[in-house]
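Structure first, commentary second.
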Amino acid sequence: MAPPSADSPVAHHVREEPEALQTTINSEPSSLLSKHYPTPLVYSGSLDQYESFDLTTVIGKEFPTVQLTELLKDDSKIKDLAITVSQRGVVFFRNQDINIEEQKTLAQKLGELSGKPETSKLHKHAVSNSKRGIPVDDKGTLDDEVSIVSSDTPRESDGNKFADRAPRKTANHVWHSDITFENIPSDYALLKVVSLPGKVGGDTLFASGYDAYDRLSPSWQDFLEGLTATHFQPSFNKIVAEKGIELIEENRGTPENTGTHFQAVHPVIRTNPVTGWKSIFGGGQQVEHGWINNVTDRESELIKGYLLETIASNYDLQVRIKWNQNDLAIWDNRSVFHTDIGDYKEKRVAHRVLSLGERPYLDKNSSSRREALGGL
Ligand SMILES: O=C(O)CCC(=O)C(=O)O
Ligand SMILES: [Fe+2]
């Protein structure tokens, strides 16, 4: 069956996984039987010597003084950093002198040292890449492994969100995790804000997918653990048709991220291999144009709506970062949703590097964050 288009009228049928993707899903059960899931990693304490504090009870940590270039010298510290990011969801570092090459090295090492597959390298964005001609430094270097997130040249998929805020419906629909339309999405994201719009505006919000999972009743947890979602990014092919730009079609950081489908089937609830905790994954903007499989269209909309509400409406599972120039955030895209806040007019520029992780999976026997920590 051909996958339904995002624009197709609501039909009273059950959406199944698109044929092209069924091999992936259908090959899972037999391999699952014998599958050994990774054992959660244990923090060794190597970062305890640096000043740090938690930003909220459930999400966020800040290291106000250490330089990442210092941590980069020691693999055991990088591994502890990966564990800290996966546990706290997002970690902030202030006024960093790390350059773009070092930012890339750190991104790849965070993934490698916490056990990602050998084939997973840094992501090459299909659209937001060197072909846009925006240099990553003052020497004019162009790099497919760096996305320049700039209000001056908004990502084409953002449309004109900066043009006029007044007519926007609600900001909530922009909550997302990065590049989940890929078969192998991102584990760690590193975003360094290099130019700010002024004294105020351009903050970023993060929400814990772990805690969103913990908000669900055991019955809903069980129900959602049996479901997959099709993540879909239709705007890239529209841009090709409208603007005639060239996409990166081959090997966007792993041979498994190839082609121009920009659709991937992933479990709605996913286990993070580093913590061993379950998280909502099939919610937010990444499924706005996608759907929940094997339920009716109406049921899919209801589930998507409820998951978005759980992420967006619970302010006590969120943290908001106010940036200063050269601050850097690292988040775990497997278990955290985020959204930028387009409440400014002046130029804001950030450099983003994404490490690619593992193919998302659910280990039914893994625990929730609250179960593991014995409470909040
Ligand atoms: O610019 C920001 O605050 C975040 C933008 C974003 O969604 C990203 O870098 O993945
Ligand atoms: Fe993002």
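Is it true that Q325 is in a helix (DSSP H, G or I) and within 16 Å of ligand 1 (Cβ to nearest atom)?
no
Being closer than 17 Å to S355 by Cβ and out of contact with any His (no Cβ under 7 Å at 6 or more places or on another chain) is true for just one of V274, V268. Which residue is that?
Details: V268 fails: closer than 17 Å to S355 by Cβ.
Unique residue meeting the criteria: V274.
As an exercise: evaluate D214 against (1) at pLDDT 95 or above; (2) surrounded by fewer than 16 Cβ atoms within 10 Å (Cβ to Cβ); (3) more than 16 Å from ligand 1 (Cβ to nearest atom); (4) among the acidic types (D, E) and give the number of the one condition it does not meet.
(2)
Take region 346-362 and flag every residue that is in a loop (DSSP other than H, G, I, E, B) and within 13 Å of ligand 1 (Cβ to nearest atom). Write out each step before concluding.
At the first step, the residues of region 346-362 found to be in a loop (DSSP other than H, G, I, E, B) are 346-348, 357-362.
Within region 346-362, K347, R348 meet the criteria.
Check S114, S86, S151, S76 and return the single one that is closer than 30 Å to A241 by Cβ and of a type in the set (S, T, N, Q). Steps first, answer last, please.
Working: S114 fails: closer than 30 Å to A241 by Cβ; S86 fails: closer than 30 Å to A241 by Cβ; S76 fails: closer than 30 Å to A241 by Cβ.
Criteria check complete, one pass: S151.
Which members of region 176-195 meet the condition of being part of a loop (DSSP other than H, G, I, E, B), surrounded by 23 or more Cβ atoms within 10 Å (Cβ to Cβ), near ligand 2 (Cβ under 10 Å from one of its atoms) and not β-branched (V, I, T)?
Residue satisfying the conditions is S177 alone.
If E118 satisfies every condition in (1) in a loop (DSSP other than H, G, I, E, B); (2) at pLDDT below 95 but one, which is the exception?
E118 satisfies every listed condition except (2).
Report every pair of residues separated by at least 6 positions or lying on different chains whose Cβ atoms are under 8 Å apart, first residue within region 87-106 and in a loop (DSSP other than H, G, I, E, B), second modelled with pLDDT under 95.
Qualifying pairs under 8 Å: N99/D137.
When region 277-299 is examined, which residues are found to be crowded, with 19+ Cβ neighbours inside 10 Å and assigned to a helix (DSSP H, G or I)?
Result: Q285, Q286, V287.
I'm told D74 meets every condition in (1) under 20 Å from the mean Cα position of the chain (by Cα); (2) farther than 17 Å from I321 by Cβ except one. Can you identify the failing condition by its number?
All conditions pass for D74, except number (1).
Between V319, V274, which is surrounded by 24 or more Cβ atoms within 10 Å (Cβ to Cβ), among the hydrophobic types (A, V, I, L, M, F, W, C) and more than 16 Å from ligand 1 (Cβ to nearest atom)?
Result of the check over V319, V274: V274.
Being modelled with pLDDT under 90, surrounded by fewer than 17 Cβ atoms within 10 Å (Cβ to Cβ) and assigned to a loop (DSSP other than H, G, I, E, B) is the filter here, so list the residues in region 217-248 that pass it.
G244, I245, E246
Identify the residue in region 326-341 that is farther than 14 Å from D187 by Cα, modelled with pLDDT of 95 or more and more than 9 Å from ligand 2 (Cβ to nearest atom) and, among all such residues, is surrounded by the fewest Cβ atoms within 10 Å (Cβ to Cβ).
Top of the filtered list is N326.
Would you say D178 is farther than 17 Å from S195 by Cα, under 18 Å from the mean Cα position of the chain (by Cα) and modelled with pLDDT of 85 or more? Steps first, please.
On the way: farther than 17 Å from S195 by Cα: yes; under 18 Å from the mean Cα position of the chain (by Cα): yes; modelled with pLDDT of 85 or more: yes.
Yes; evaluated as a whole, the condition is true for this residue.
Sort out which residues of region 249-276 are within 21 Å of S114 (Cβ to Cβ) and either among the aliphatic types (A, V, I, L, M) or not in a loop (DSSP other than H, G, I, E, B) (or both), and write them in order of number.
Within region 249-276, H266, P267, I269, R270, T271, V274 meet the criteria.
Is it the case, given these coordinates, that K192 is within 11 Å of ligand 1 (Cβ to nearest atom), more than 15 Å from G284 (Cα to Cα) and not small (G, A, S)? Steps first, please.
Details: within 11 Å of ligand 1 (Cβ to nearest atom): yes; more than 15 Å from G284 (Cα to Cα): yes; not small (G, A, S): yes.
Spelling it out, K192 is indeed within 11 Å of ligand 1 (Cβ to nearest atom), more than 15 Å from G284 (Cα to Cα) and not small (G, A, S).
Is it the case that region 300-309 has a residue that's within 15 Å of ligand 2 (Cβ to nearest atom) and surrounded by fewer than 17 Cβ atoms within 10 Å (Cβ to Cβ)? It would help to see each step written out before you state the result.
Filtering region 300-309 for residues within 15 Å of ligand 2 (Cβ to nearest atom) gives none.
No, because not a single residue in region 300-309 is within 15 Å of ligand 2 (Cβ to nearest atom) and surrounded by fewer than 17 Cβ atoms within 10 Å (Cβ to Cβ).
Where the second residue is within 13 Å of ligand 2 (Cβ to nearest atom) and among the small types (G, A, S) and the first is under 12 Å from V149 (Cβ atoms) and lies in region 338-356, which pairs have Cβ atoms under 6 Å and are six or more apart or on separate chains?
R352/S147; L354/S186; L354/A189
The values are calculated or read from the model by the stated rules, or taken from the named source; none is laboratory data. Predicted model only: the values in this text are computed from it and were never measured. All Cβ positions, even for glycine, are placed from backbone atoms using ideal geometry, and neighbour counts span all protein chains on display.
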